[in-house]
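In what follows, a single structure is set out as structure tokens and then discussed.
Nothing in this text is a laboratory measurement; each read-out follows from the coordinates by a stated rule. Nothing here was measured: the structure is a model prediction, and the numbers come from that model. All Cβ positions, glycine included, derive from the backbone under ideal geometry; neighbour counts span all protein chains shown.
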């Protein structure tokens, strides 16, 4: 009975998301590929990350491949997995970490709209501002036009800094003993002096504290990722072709049933992930 109820809830969730985000089955960027802790991953965002990872995955498998046909390369199994499936799985894993942080930032009031559609509006507005700068006399730094990937990473870096700062005040406090223990654990690989030996703890303590906080933050994000439930819309996910550029030309028609894969959390607390605990400790 509980399983049937969960499937019904999952179906209603996807029906809501796909009704709210238009053109889900039309190959548009707003198509919902998956949700992570209730946060949607849309097709445009998934492809942005997939394209950024593509060259690395290609290089990883290229040594094992003898095919000169790029289409055959992506669909040929090497050690039991195709490069296409490997690339999509890695992309989804990247986005799981991003979505739990966006979820936490939204619940902490750091951002109002962390979604991809709002991001695109901000990206276009920023490039519009840069294009107008020569006419308005505004001083801009960097290129006249920011690529989508560059702007995405800049926004994410700002979000992480604010989220980490907020979390440090509430849940990521570190005491002097923790910082010193961190120094002792990592001094061999991180705090060696160029002339030999180690940089003294007293001299480098502020940097060690930052490193200690960063480690605790990464651990907290990893825990949220383990707790997060992922629901994958298989019809869209399976039609994503790493060998092709852009969005899929044709998606499944609207009258076909949803096929979803519900990936349960690796570790759950209560009813699932609570992103707000990153910043408020609840």
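Here are the numbers for the structure shown:
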{"quantity": "Region 46-178 - Rg (one decimal) and Dmax (whole number), Cα, Å", "calculated": "19.9, 58"}
{"quantity": "Stokes-Einstein D (µm²/s) once Rh is taken as the Kirkwood radius of region 100-160 over alpha-carbon pairs, at 4 °C in 1.567 mPa s", "calculated": "102"}
{"quantity": "Order by protection proxy (mean Cβ within 10 Å, highest first), peptides 206-219, 186-199", "calculated": "206-219, 186-199"}
{"quantity": "Euclidean distance between Cα centres, region 77-96 to region 140-184, Å", "calculated": "27"}
{"quantity": "Packing-based order for 80-87, 220-227, using average beta carbon neighbours within 10 Å, highest first", "calculated": "220-227, 80-87"}
{"quantity": "Percent of alpha-carbon pairs separated by more than 18 Å within region 162-252", "calculated": "63"}
